[in-house]
Amino acid sequence: MNVTKRDGSIQPFNLDKVHKVLEWAVEDISGVSMSEIEIKSNIQLYDKIPAYDIHELLIKSASELISEHTPNYQFVAARLISYKLRKEVYGDYQPCSLLELIEKNIERGVYDKAIITNYTKEELIELGDYIKHERDDSFTYAGMEQFRGKYLVQDRRDKTHYETPQMLYMMVAATLFGSYKENRLKYVKDYYDAISQFYISLPTPIMAGVRTPTRQFSSCVLIESGDSLDSINATASSIVKYISKKAGIGIGAGSIRALGAKIGDGSVVHTGLIPFLKYFQSAVKSCSQGGVRGGAATVYLPLWHYEFEDLVVLKNNKGTEETRVRHMDYAFQFNKLMYERLLSGGNITFFDPNDTPGLYEAFFADQDTFKELYEKYERAYSIRKKTLPALEVFQMFLTERKDTGRIYLMNVDHANDHGSFDPKVAPIHMSNLCCEIDLPTKPMDLNDPRDGEISLCTLSAINWGLINETHEFEKYCDLTVRALDELLDYQDYPVYAAQKGTENRRPLGVGIINLAYFLAKRGLKYDESAYDIVDRYAEAWSYYLIKASANLALEKGKVIYNNDTKYSKGIVPIDTYKRAIDNLIESEERLPWADLRKQLRDTGIRNSTLMALMPAETSAQISNSTNGIEPPRALVSYKQSKDGVMAQVVPGYHHLKNKYDLLWDQKSPAGYLGICGILQKYIDQGISVNTSYNPEHYEDNKIPMSVMIQDVVTAYKYGLKQLYYFNTYDGAGEMEEEHHTYEIGTSPDINDEEEDCDSCKI
């Protein structure tokens, strides 16, 4: 048999080369067999096979052997990818110097020239000598596959890579701390150690973009539309610009008037929301995210909007294309009054925001005023309205949420009362793609583009699974806040409204990964057994993040809109949480919060927001971690991507496989919601909270509507600001399609109808 080399020449197949590579790949790894990989791959060999494809066959063969019985093939497959990458990038297994790589990649146009101007050659040589290439051995197959598919600088046409993982990590660290004057190399090395050893997890925009000429790294973009055509057009334009920069989009469209509303003197009537939502959908899908995937967005709408009955069914498979907008996701916005109407057996009345002055604004800024206006407009005979029983409204919402899995919920009063901002000054009108970001927005106008405000949030996460004592958070919180804060000044802003919002508020969103492993290590489940330790660790995580930003304010100055924040008044998240959580875990301050409150009052904070619990599929895979705060669905899960099936094994499988609290074993979401409520107590933004049900736990394999309603009410009682996916176990195993995650999972085809964005997903 012959082999085709890259230069087109034909050479005899050399089995010894294959043996040599496989011997190296399986060395010191238990429970794996070189011959098994060979047997599986030999079946697929053919005459004149490209040499490139032989190595891919070996990788594929090793990856297909990953199972609960033979999990260690995940490390063999990862080694094979690593070997292939090094040969491709360096021409040999041994890496070249960092300086040499930088010079080559600047010449290719794939690295930012700033790295050469910011550092001396001596400094770059020192940083290159510090790189620990052996850390590539820590990757699993899923992590390494994600790395080469999404993050490494490459020519996406022929899939030629120009760097390896450890080079990427050092380049990210050096780029982010390039402007530091004091202790610069120490920060670079510390940050490199933290991200390359998985203590800190980074989202896709940072991993793929930092060090390249691309300078847009915020994962989440929140764009609010006003009711005018000029504002709607400005919104669509901004969506296109940020979709092309790999961001996930949240769209606030709730102020747009309803179908049949008067325009001008009444000679024309309004076409309603749906045509404009189709317009936004076209903008979202108009260009792909870096050639990897199509864009994704979530639209936010008040529950009481006049068109609710038409809006709640936008994603279902009934109806015509004219009445459906299926390629964006939706979130309906609730508040206390809506829940009161449900629990009292009352009605919900639907209004056109254009007919009810002040109602839309009060919905977010002042709940007492909203209730007063809402009841006033209910009594007003001259105002167009519809009324339905609240129970029926909740049932309609939850039916669509269950059937699609992707109709979300936002509690706007919680987002404002328990957020960073004074709602009278800077109200929260919406959230983002994945339902964890809560930032102020203001509609733009094409005629005055400098007047609006687009909110961006820059993400990262800390790996709780690697934290053994609460004091360890201090170092990683400080590094995370410093790095992300630098990013805000380093990146560019394609829309002025986004630059204005970011520079004036400097919002960050630091999340959590690997919570399931954190619990499994301690023999705890997603129930009351975990409440105490989650509370203690969440307190320390939150405290050290706020402390890091307060200290940075002393060093670099407080955020410009400091006075818009509750932090400026010495109010921290544990001062405004919903006290129902005290029924789950006794309230206790273990850290010097009083001193921190005083510091915040005296000298302010550097970042208006600091926490947000995002999905973390991709980044979790990279870090060999479980996804965010989610329980794993199985000990070995399989993700379908455009590149094939990817197997991932839970961390610590060999000694913890009986300790994990798997999702579909849980009888209800109650314990998980309790943990989310405890976490929310310490968070200034939100959480991507999912509700998951295994019908096998219910009579006739049907999830009762009463159970779904109770869980939504419980989430509200615990202060949760948003609900994200509705997951239902169908008994078909654990083949998962990718969800919208900020960075996890291999990209589906660009034309995939249920496209998710990877930006938020860390």
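I'm trying to understand the selection: among the residues of segment 256-275, which are within 28 Å of the chain's Cα centre (by Cα) and either part of a strand (DSSP E or B) or surrounded by 21 or more Cβ atoms within 10 Å (Cβ to Cβ) (or both)?
So the first thing to find is which residues in segment 256-275 are within 28 Å of the chain's Cα centre (by Cα), and the list is 256, 273-274.
Matches in segment 256-275: Ile256, Leu273.
Pairing each residue of segment 400-421 that is within 17 Å of Asp366 (Cβ to Cβ) with any residue that is surrounded by fewer than 24 Cβ atoms within 10 Å (Cβ to Cβ) and polar (S, T, N, Q), provided the two are 6+ apart or on different chains, yields C-beta distances under 7 Å for Asp413/Gln367; Asp417/Thr576; His418/Thr576. Restricting attention to segment 415-430, the residues that are more than 19 Å from Asn562 (Cβ to Cβ) and touching a strand residue (DSSP E or B) at 6+ places or on another chain (Cβ under 9 Å) total 3. Residues of segment 104-117 that are surrounded by 15 or more Cβ atoms within 10 Å (Cβ to Cβ) and either more than 20 Å from Tyr191 (Cα to Cα) or within 31 Å of the chain's Cα centre (by Cα) (or both): Lys104, Asn105, Ile106, Val110, Tyr111, Asp112, Ala114, Ile115. Checked against (1) surrounded by fewer than 22 Cβ atoms within 10 Å (Cβ to Cβ); (2) in contact (Cβ under 8 Å) with a residue 40 or more places away in the chain, Phe198 meets all criteria but (1). Against the list (1) among the β-branched types (Val, Ile, Thr); (2) touching a strand residue (DSSP E or B) at 6+ places or on another chain (Cβ under 9 Å); (3) within 28 Å of Leu466 (Cα to Cα), the condition Val534 fails is (2). Taking (1) assigned to a helix (DSSP H, G or I); (2) touching a helix residue (DSSP H, G or I) at 6+ places or on another chain (Cβ under 9 Å); (3) modelled with pLDDT of 90 or more; (4) surrounded by fewer than 16 Cβ atoms within 10 Å (Cβ to Cβ) in turn, Tyr52 satisfies each apart from (3).
Please find, within segment 152-183, the residue that is surrounded by the fewest Cβ atoms within 10 Å (Cβ to Cβ) out of those that are β-branched (Val, Ile, Thr) and assigned to a loop (DSSP other than H, G, I, E, B). That would be Val153.
Looking at segment 135-149, I want the residues that are in contact (Cβ under 8 Å) with a residue 12 or more places away in the chain and part of a helix (DSSP H, G or I) and have a partner that is acidic (Asp, Glu) and surrounded by fewer than 24 Cβ atoms within 10 Å (Cβ to Cβ) with Cβ atoms under 9 Å, at least 6 apart or on another chain. Which pairs are those? Filtered contacts from segment 135-149: Met144/Asp136; Glu145/Asp643; Gly149/Asp643.
What number of residues within segment 304-318 are in a loop (DSSP other than H, G, I, E, B) and either under 25 Å from the mean Cα position of the chain (by Cα) or farther than 15 Å from Pro353 by Cβ (or both)? Give the steps one after another, and end with the answer.
From segment 304-318, those in a loop (DSSP other than H, G, I, E, B) are 304, 306-307, 312-318; that's our starting set.
Still in the list and also either under 25 Å from the mean Cα position of the chain (by Cα) or farther than 15 Å from Pro353 by Cβ (or both): 312-318.
Going through segment 304-318 one residue at a time, the tally reaches 7.
The lone criterion from (1) of a type outside the set (Ser, Thr, Tyr); (2) assigned to a loop (DSSP other than H, G, I, E, B); (3) surrounded by 18 or more Cβ atoms within 10 Å (Cβ to Cβ); (4) without any contact (Cβ under 8 Å) to a residue 40 or more places away in the chain left unmet by Pro357 is number (3).
To keep it simple, each residue is scored yes or no on (1) under 23 Å from Gly677 (Cα atoms); (2) in a strand (DSSP E or B).
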{"site": "Leu433", "(1), (2)": "yes, no"}
{"site": "Leu439", "(1), (2)": "yes, no"}
{"site": "Asn447", "(1), (2)": "no, no"}
{"site": "Arg450", "(1), (2)": "no, no"}
{"site": "Leu456", "(1), (2)": "no, yes"}
{"site": "Ala461", "(1), (2)": "yes, yes"}
{"site": "Asn468", "(1), (2)": "yes, no"}
{"site": "Phe473", "(1), (2)": "yes, no"}
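Among the residues that make up segment 319-327, is at least one of them within 20 Å of Ala253 (Cα to Cα), touching a residue at least 60 places away in the same chain (Cβ under 8 Å) and part of a loop (DSSP other than H, G, I, E, B)? Yes: segment 319-327 contains one or more residues that are within 20 Å of Ala253 (Cα to Cα), touching a residue at least 60 places away in the same chain (Cβ under 8 Å) and part of a loop (DSSP other than H, G, I, E, B). Taking segment 595-633 as the range and being among the hydrophobic types (A, V, I, L, M, F, W, C) and under 21 Å from Thr204 (Cβ atoms) as the test, the residues that pass are Leu610, Met611, Ala612, Leu613, Met614, Ala616, Ala620, Ile622, Ile629. Each residue in segment 456-488 was checked for being within 20 Å of Ile546 (Cα to Cα) and in contact with a Ser or Thr (Cβ under 7 Å, 6 or more places away or on another chain), and 14 pass. Quick check on Asn447: is it crowded, with 24+ Cβ neighbours inside 10 Å and of a type outside the set (Gly, Ala, Ser)? No, not satisfied. Taking segment 110-127 as the range and being under 25 Å from Tyr83 (Cα atoms) and touching a Pro at 6+ places or on another chain (Cβ under 9 Å) as the test, the residues that pass are Val110, Tyr111.
The values are calculated or read from the model by the stated rules, or taken from the named source; none is laboratory data. Since we're looking at a predicted model, the values are computed, not measured. Methodologically, a virtual Cβ is constructed for each residue, glycine included, from the backbone with ideal geometry; neighbour enumeration extends over all protein chains shown.
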